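Notes follow once the structure below has been shown.
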Amino acid sequence: DFEGKSGKKVKVAWNGGYILNPELVGKLGIDENFIGSPLGLLINESQIKSPPLFNKVALLIDKQGHAHIDHVNLQAGLTIIFPDDSVLLLSSKQRNKILKNEASFFDLFSKKEYSIKGFIAYRFVGNKIIEKIEEQENLCILPIGITLCVPRGSQWDNYSAGDEVTFSIPSLEEYVESVEAGPLLVKNGRQAINMEKEGWTTDFSSATQAARLDYINMRGPKLGVGITSSGEIIIVAINGRIRESVGATHDELANILIDEGCMEAMGFDPGGSVTLLVDGKQLNISPYNPNYEDNIYSLDPTPRKVGSAVFVLKDEKD
C-alpha cells in the first residue's frame, strides 16, 4: 500500500510501536473511538503525530539521517499549538497536577483521578482531541493519550472534539522520524533493561501493553533493532509461539544484539505483531498462520495488521 501510494520502494520494513487494539478497548470498557490510539511517540516528516506518554525508548532519526535510541518523555513540558494558531506553553511545573487558575497536562505517570471543578478537560488521541469534558467534578485519566486541563472561561476552553493540534517538544526538535516502542535492551554495549524506569510496571501501562505480558521476561516472538559503533542498523526478528520455536526473552534478545556488535538496542512490539520484511518478502513466521497444521515446514508467513511500521527506503541511485 505504501509503495503504491508513495511511488517509493521499501528495502526493509518492520512493525513499530504499541497501539490500543479492539481487544484492549473492550477490556478497558472505553469507547471504540479509542481503537488505534498510539501509545507512545510518533514523529513523521518532523511532525509529532503522538507525544510520549511514559519514559519509554524510541528509535529517532535526525535531520542528517543518523539513527539514535533514547528515552523520550514529557518531564520538561511541552507546547501545544491549536488550530487558530494560539500557543499554550506548558512547563514541567504544570505536569501531572491541578494548579489554581492555570492550565496543566497529564501523561501516564499521573494519578488516576483529579478534581477539576472550574476546569475543562481535553483528552487526546495522538494530536487529535477525542473528547471534551465540561461538566464533571472528577476527571478519570485513561491509559491512552495525554489529557489537558484549562480553566473554564480561559482562551483555551473553546475547542472541540475532532480538532487537531501541533505538539512541540524542545528535546525532540532535531528529529524528523521516530517510533516509540521498547524496552531499551542495550546501552553502551551492555544490557540495560529497566522496566520500572520506563513505566512498564505502572497501572496505566499494565492496563494496556503489560496486559500482553510485555513487561515480564517471557519467551515469545521478538523484534529488536540495534545500532553499532559505526552507525550500522541491525534488525533481529525471532519466531515464537510455534512448534519450532518458543521464542526469546528480552534478556536473550539483548544478548543476541550485543553479540552482533550493537552498542545501543531496543525492542519493538513483540508477540504476533512481529514482522520483518526485506525486499517485499516476510522473513519471520507469524503464530497466527491459519494453515499451521497443514504443513509446519513450509508456512506462509501470514502477516497481520500493525499500528505503525518503520520503512527503510531504497536509495534512488540503486
> In region 268-285, what residues are surrounded by 24 or more Cβ atoms within 10 Å (Cβ to Cβ) and among the polar types (S, T, N, Q)?
Replying inline: Ser273, Thr275
>> Can you find a residue that is assigned to a strand (DSSP E or B), hydrophobic (A, V, I, L, M, F, W, C) and over 23 Å from Val165 (Cα atoms) anywhere in region 66-80?
In response: yes
> Listed residues Ala265, Ala210, Ala254; which is modelled with pLDDT under 95, open to solvent by less than 10 Å² (accessible area, probe 1.4 Å) and of a type in the set (A, V, I, L, M)?
Replying inline: Ala210
>> Exactly one of these conditions fails for Asp107: (1) open to solvent by 40 Å² or more (accessible area, probe 1.4 Å); (2) free of Cβ contacts under 8 Å to residues at least 60 places away in the same chain; (3) closer than 17 Å to Pro52 by Cβ; (4) of a type in the set (Asp, Glu). Give me its number.
In response: (1)
>> Filter region 231-245 down to the residues that are surrounded by 15 or more Cβ atoms within 10 Å (Cβ to Cβ) and under 18 Å from Pro287 (Cα atoms) and list them by number.
In response: Val236, Ala237, Ile238, Asn239, Gly240, Arg241, Ile242, Ser245
> In region 21-43, how many residues are surrounded by fewer than 24 Cβ atoms within 10 Å (Cβ to Cβ) and modelled with pLDDT under 95?
Replying inline: 16
> Among the candidates Leu53, Leu74, which residue alone is within 30 Å of Gly189 (Cα to Cα), crowded, with 16+ Cβ neighbours inside 10 Å and touching a Pro at 6+ places or on another chain (Cβ under 8 Å)?
Replying inline: Leu74
> Can you name the number of the only condition in (1) part of a loop (DSSP other than H, G, I, E, B); (2) farther than 22 Å from Ile81 by Cβ; (3) in contact (Cβ under 8 Å) with a residue 12 or more places away in the chain; (4) not small (Gly, Ala, Ser) that Gln155 fails?
Replying inline: (2)
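The values are calculated or read from the model by the stated rules, or taken from the named source; none is laboratory data. Note that the structure is a prediction, hence the values are computed from the model and not measured. In this analysis, Cβ positions are derived from the backbone assuming ideal geometry, glycine residues included, and neighbour counts consider all displayed protein chains. Just the protein is used for accessible areas: all its heavy atoms, side chains included, with ligands, DNA and RNA removed. Shrake-Rupley method; radii C 1.70, N 1.55, O 1.52, S 1.80 Å.
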